[in-house]
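First up is the structure itself, then whatever we jot down about it.
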Number of protein chains: 2
Amino acid sequence: MREPKQDRSRATRQHLLESTIDCLATQGWGATTVSVVAERAGVSRGAAQHHFPMREDLITAALEFMFDSRMAAIREEAVGLPVGAGRTEAVVGRMVEYFTGPLFKAALQVWAAAAADEALRQRVVPLEAKFGRVVHAVTVELLGADDADPAAHRLVQATLDLARGLGLADVLSDDSARRAQIVGQWSVTLDAALQGGVRVAGE
Amino acid sequence: MREPKQDRSRATRQHLLESTIDCLATQGWGATTVSVVAERAGVSRGAAQHHFPMREDLITAALEFMFDSRMAAIREEAVGLPVGAGRTEAVVGRMVEYFTGPLFKAALQVWAAAAADEALRQRVVPLEAKFGRVVHAVTVELLGADDADPAAHRLVQATLDLARGLGLADVLSDDSARRAQIVGQWSVTLDAALQGGVRVAGE
């Protein structure tokens, strides 16, 4: 009897986390309370509060859960990426897609709120540091870049900073046409640089 | 008698706009009301409401005023930038500095709010489009890039998207040490690409 009950509890929890991201991305920080998320998820307020007594617990758990599932999906889907020509653009495109999706838009709401809320900031900073390390490692792996090479390490970082900037440019209007051109151009430039065409800064 | 009164009125207006940016950047969207800004600026609530009847008027006027003064300052200071070696890094560094300053942090609060507020979004989108065009034109001018060349045009855009991403990475913690490395590496790569070392995407 215990198994099905645990499964139901886990399904409820997951549903709440997904609704949280959806609510943050579309309704914003102010509207994303435990009650609103519970209603959106079709879960009673009591059940939601049993899982997440405080709004901050719900929100950080949602960011972490969704981040882990997006990264797992990116790793799984990577078997379908081209090898050789076109791989760099496919990988850059995939990471940029991640930074323009609902999880980024939800995270943006949390960052904006945390900028003016010290307690929230202290919860979010270590989470962001972890996300940053994992995204970097996944990108290095997919690109097959040599992370021990300072130039390659910084170019991968720059690619992710560029992706974050492209994500921000997509928040208020559909920037996909311009973005495709930027991804294409940067991939050509990055590819040439990773092949050793560009020296390390300062050398 | 008219001149001094107009001057006082203009000084009051400017003081309100500067306080708005400061308040948005440090206290966030929710706390930035006409009353709070008026108090911060040492202006009576009545005088503030005479200049800006609605919060949205105050906030969009502040973004526009501060953007125009930052761009004017960047253009003026450009006479001090190195010519030849080191210019690209100096220009990239200058633009990245703009995207990590208080105006960017204030704008981030407005973008996050506008993502969940259609009326605000409609006011902010045309303003952002104008800002984007001007920042692009200033960067092209300072880099001496050939904007008619598709690769150069896209690489300048990518540089500003990177700067926006670096701005976002600096919102919750001081990212300046990492950022300096990224700016250095990006500048080397951009410089090589603008010198014609990299082909146009798709060719």
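The values are calculated or read from the model by the stated rules, or taken from the named source; none is laboratory data. Remember, predicted model here, so these are calculated numbers, not experimental data. Glycine gets a Cβ as well: all are built from the backbone with ideal geometry, and neighbour counts include every protein chain shown. The area values use the complete protein model at the heavy-atom level, side chains included, leaving out ligands, DNA and RNA. Shrake-Rupley method; radii C 1.70, N 1.55, O 1.52, S 1.80 Å.
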Query raised in the report: Which of (1) under 21 Å from the mean Cα position of the chain (by Cα); (2) of a type in the set (A, V, I, L, M, F, W, C); (3) open to solvent by 40 Å² or more (accessible area, probe 1.4 Å) is the odd one out, the single condition B:Leu58 does not satisfy?
Result: (3)
Report task. Report yes if some residue within region A:150-162 is closer than 23 Å to B:Leu24 by Cβ, modelled with pLDDT of 95 or more and either more than 10 Å from every other protein chain (Cβ to nearest Cβ) or surrounded by fewer than 20 Cβ atoms within 10 Å (Cβ to Cβ) (or both); otherwise report no. Result -> no
Report task. Consider only pairs whose beta carbons are under 9 Å apart and that are at least six residues apart or on different chains; among these, list those whose first residue lies in region B:6-20 and is closer than 15 Å to B:Pro102 by Cα and whose second residue is among the acidic types (Asp, Glu). Result -> B:Leu17/B:Glu64; B:Ser19/B:Glu39
Report task. Only residues that are of a type outside the set (A, V, I, L, M, F, W, C), within 11 Å of the chain's Cα centre (by Cα) and farther than 15 Å from B:Thr139 by Cβ: list them for region B:61-100, please. Result -> B:Glu64, B:Asp68, B:Ser69, B:Thr100
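Let's see how each residue does on (1) among the polar types (S, T, N, Q); (2) within 14 Å of chain B (Cβ to nearest Cβ); (3) assigned to a helix (DSSP H, G or I); (4) out of contact with any Phe, Trp or Tyr (no Cβ under 6 Å at 6 or more places or on another chain):
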residue	(1), (2), (3), (4)
A:Ala48	no, no, yes, yes
A:Phe65	no, no, yes, yes
A:Ile74	no, no, yes, yes
A:Val79	no, no, yes, yes
A:Thr88	yes, yes, yes, yes
A:Phe104	no, yes, yes, yes
A:Ala107	no, yes, yes, yes
A:Ala116	no, yes, no, yes
A:Leu120	no, yes, yes, yes
Query raised in the report: Is it the case that region B:45-54 has a residue that's under 30 Å from A:Ala25 (Cβ atoms) and open to solvent by 20 Å² or more (accessible area, probe 1.4 Å)?
Result: yes
Query raised in the report: When you look at A:Glu128, is it more than 10 Å from chain B (Cβ to nearest Cβ), in a helix (DSSP H, G or I) and open to solvent by 20 Å² or more (accessible area, probe 1.4 Å), yes or no?
Result: no
Report task. Would you mind telling me which numbered condition in (1) buried (at least 16 other Cβ atoms within 10 Å of the Cβ); (2) at positive phi B:Ile74 fails? Result -> (2)
